[in-house]
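Notes to accompany the following structure.
The values are calculated or read from the model by the stated rules, or taken from the named source; none is laboratory data. Bear in mind the structure is a predicted one, so any value in this text is a computation, not a measurement. Methodologically, a virtual Cβ is constructed for each residue, glycine included, from the backbone with ideal geometry; neighbour enumeration extends over all protein chains shown. The area values use the complete protein model at the heavy-atom level, side chains included, leaving out ligands, DNA and RNA. Shrake-Rupley method; radii C 1.70, N 1.55, O 1.52, S 1.80 Å.
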Amino acid sequence: IMFFAIVGEPAEIFWPTFLIDWPSCDRSWQWSRHILALLRVHRDAGNPATEFIEAEAPDGGIFHEDLPDLIEVWRGTDRTRVRNMSWTTDRKVAETFATGMRGGAFPDPVVAHAFIPKQWVFYASNDRSEAEVVLDPRRLRKLTIEPFVISKTARFAQNYVNRTIHEEAISNSG
């Protein structure tokens, strides 16, 4: 909903809204094409997020500022969703996402690894301790993909979380 509200808005509205609301967005895969288009429009118009990060990012932009010029990134996801915008600098975080987390198990879980020049990073933050890097997936370098095997313990925990979310949804719908 946030993205529909800021389509066509100037950078002064778009970036602060994105930077404040993005950390609370989960399971955005179905909207990624639209979100990436908006991010690219603003970047390509000469309005990068960097002008707003310090004031609006949850961590004050410290994580983004401290990234090297060439960033090593990881992404845990389904094989069909590798080329997306949300990555991490922490392999363990990627492995956690490869389990499917709150969205249920992936049919073909993988951990992808790549490098991205900092100039192609829209935003980065360590909010939620995810070491997240929101990037332009067209600009990834040296992309490799490896299968991820979920341990029995992780699968049990995942099923428990999914069952709890389902039960809460049912109890809240009445």
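Some observations on this one:
- Using C-alpha pairs below 8 Å separated by at least 6 residues, the relative contact order for the range 99-143 is 37 percent.
- Working note: Karplus 6.51/-1.76/1.60 with θ = phi - 60° gives the range 110-122 the couplings 9, 10, 9, 9, 7, 10, 9, x, 4, 4, 9, 8, 6 Hz, where Gly and Pro are set to x.
- Residue-level accessible surface for I145, protein heavy atoms, 1.4 Å, Å²: 70
- Amide H to amide H, with H built 1.01 Å from N, L140 comes under 5 Å of no residue 5 or more places away or on another chain.
- Ordered from highest to lowest accessible area with the whole protein assembly present and a 1.4 Å probe, E146, E51 read as E51, E146.
- Amide H contacts of V121 (H built 1.01 Å from N, in plane; Pro and chain starts excluded): no residue 5 or more places away or on another chain comes under 5 Å.
- Think of the range 1-110 as having a plus end and a minus end, set by charges on the Cβ of Lys, Arg, Asp and Glu; of L70, A98, A37, A98 sits farthest toward the positive end of this dipole.
- Taking 7 Å steps out from each Cα toward its Cβ at S24 and A37 produces label points 2.5 nm apart.
- Computed FRET value (nearest 0.05) for I13 with D69, which takes r as the C-beta separation and R₀ as 25 Å: 0.25
- Annotation: per residue accessible area for the range 67-119 equals 44 Å², rounded to a whole number [probe 1.4 Å, protein chains only].
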